[in-house]
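Take a look at the structure below.
All of the numbers you see were taken from the coordinates with simple rules; none came from a lab. Not measured: the values here are computed from a predicted model. Counting neighbours? That spans all protein chains shown, and the Cβs are built from the backbone with ideal geometry, glycine included.
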Amino acid sequence: MGDSKARDENVSLSTVGWVVIVAISVPYLILAMHTPIVVNNIALHDDALYINHALSVLNGEWFGPYDQLTLAKGQGYTLYLVLGYVSGLPITLMHALLYMLAVLCVILAVARLTKITWLPVLLFALLLWHPAALLLRIVRDSIYVSQVLLICGSLFFLMIACLNDRFRPLLAMGAGFLFGWFWLTREEGIWLVPGLALLFLGTAWLQHRRRGSIGVLIRALIVFMVAFVSVNVAYVSINKMQYGKFVGVDFKDANFEAALAALQSVRAGEPVPFVPVPKSVRSKVYAESPSFAELKQFMDDGVSPGSAWGEFGCSVYPSTCGDIAGGWFVWALRDAVATKGYYRSPSAASTYYERLAREIHGACDAGRLTCRPSLVPYMPQLTSGQLYAIPGSLLHAIEMLTFSENPPGLDAPASNTNEKIDALLGRPLRTGQAATVGDRFDLSRATSKRMVWIYSVLLPLVGGIGMAAYLCHLVLAITGRVRISMSFVIVSSLWVMLAARVAVLVLVDISSFPAINRVYLMPAYPLFCLASLLSTFDLMVSVAAKRAHGTRDPRIR
């Protein structure tokens, strides 16, 4: 039995499979190298934030002097820019290599799981050449999708090993480090947790059914969590040395969250769609909170609300003109607090927000303010119209995932950069340089346009069949007509990850700002393809196994 397990665990791609993968990868890397990337050095909250922080790290200054932007976002991408500079490779190639490695990690896990070659190779081609998967911008979303796939692939390998009663500490440690890096890149990483929890629980259930060693899985989980925590502890420890407080992303600071929740809980008439803290609410809070009154000049007495932050929401939601809309309010709030000098350190800012929350809660408890807190952190009060928009927002997400509507565009704004930034990024081909690269740019654009057309035909078909296959398999599994296998557990975790990602974006879309777009859907695109194709394959195998062996699935030993 032990030898059999070892042979099963070592099954990999055939020589032909590797040849095909190399043949697919080379033109992909060439295309990525010859497609211009947007470098926007005036986007202070996006491109410029990561670029300037990377330059500070290379100068030995960590992320530079502390202000309201220093720890406002996760810095996982900043560290990748530093790695790219050290490697000497153009950032376009760095993005492409990471994504290719991530796809390879997933399909090798699929090869080990399915014991065949053609399916992993098909998945590799489908994922690698997905037109929406390679975001050509200097933003953290450019690596986010790769991080998700690396975590999935490494944990699939780990769970398969545990199912064969084999403890792989280095694999568990690597998966934990990857999850830690993922956690440091964006603030909403919690969306991945339900799918990963299902993966662990499903494997534990299969182990129990097989009377295998649950201890192997527990040890793997412990190593995974220790590695994950170690990455985050190391990061916040460096921030403590630099800025005087154990903090990762100060958007997650408990006092900041409490202050924002307190502001959004105050009621003054009916809720205003897409305006979390309307003028009518702010005026009442000014009268009751001396701390918030300090911000009145910035928020309401200036030339425009929130010192021009209101203009961004106005262009998206005309009904909010003259006020500060959706997700832009938190940035206006932070800028207002910064004008009063509270962002001289993380502790000073946190102390201010603690005082602000305490004053608002005191006024609410005394009945001077009418308050009704939201059950969801960061989410403002929703109107019935916003709730009714959920189906439409969900349909929009599905249409974008399948390219049924608005497939990825090919036009991009010209870059804004300088010599220092070009050196940091490895001098990649940038937008605005098309005239200097001639036929290379025309070829990459024509190829991308053709791939968009192919996927707009392919994705609705693959997705529709895959979803139907999974629902059918789920019914058969619930009714006991087929046995649950490791592949079914993996497929289920993928669908849960996809659903969680879309659910988060739908909630943001109906409450704060337009979130159903290519950038935020990046992790969902490969998850959708993986879940769809694997669901179709798994149903066919399970039905065939039932016909040949009754309810016994030959893949489960």
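Details
- Neighbour-count order for H473, H361, H208, fewest beta carbons within 10 angstrom listed first: H208, H361, H473
- Panel order for K546, K252, by other beta carbons found within 10 Å of each beta carbon, from fewest to most: K252, K546.
- Over all other residues within a Cβ to Cβ distance under 14 Å of S374, the charged ones net out to +1, with Lys and Arg as +1 and Asp and Glu as -1.
- Relative counts (whole %) of C-alpha pair distances in region 287-432, using bins that are 5 Å wide: 2, 7, 10, 12, 15, 15, 13, 11, 9, 5, 2, 1, 0
- C-alpha long axis of helix 214-243 to longest principal axis of the chain, angle in °: 30
- Long-range lysine pairs (8 or more apart or interchain), the chain, Cα under 29 Å: 24
- Rounded to 10°, Cα long-axis angle of helix 254-265 versus longest principal axis of the chain: 70
- Mean Cα-pair separation over length for the chain, i.e. relative contact order, pairs under 8 Å, 6 or more apart, %: 20
- Relative to the dominant Cα principal axis of the chain, helix 47-58 is inclined by about 80°.
- Cysteines (scope the chain) whose Cβ has no counterpart Cys Cβ under 4.7 Å: C105, C152, C162, C472, C529
- Only DSSP H runs of four or more residues enter the estimate; each adds -39500 (n - 2.57), and after division by the residues of the chain the mean residue ellipticity at 222 nm equals -21500 deg cm²/dmol.
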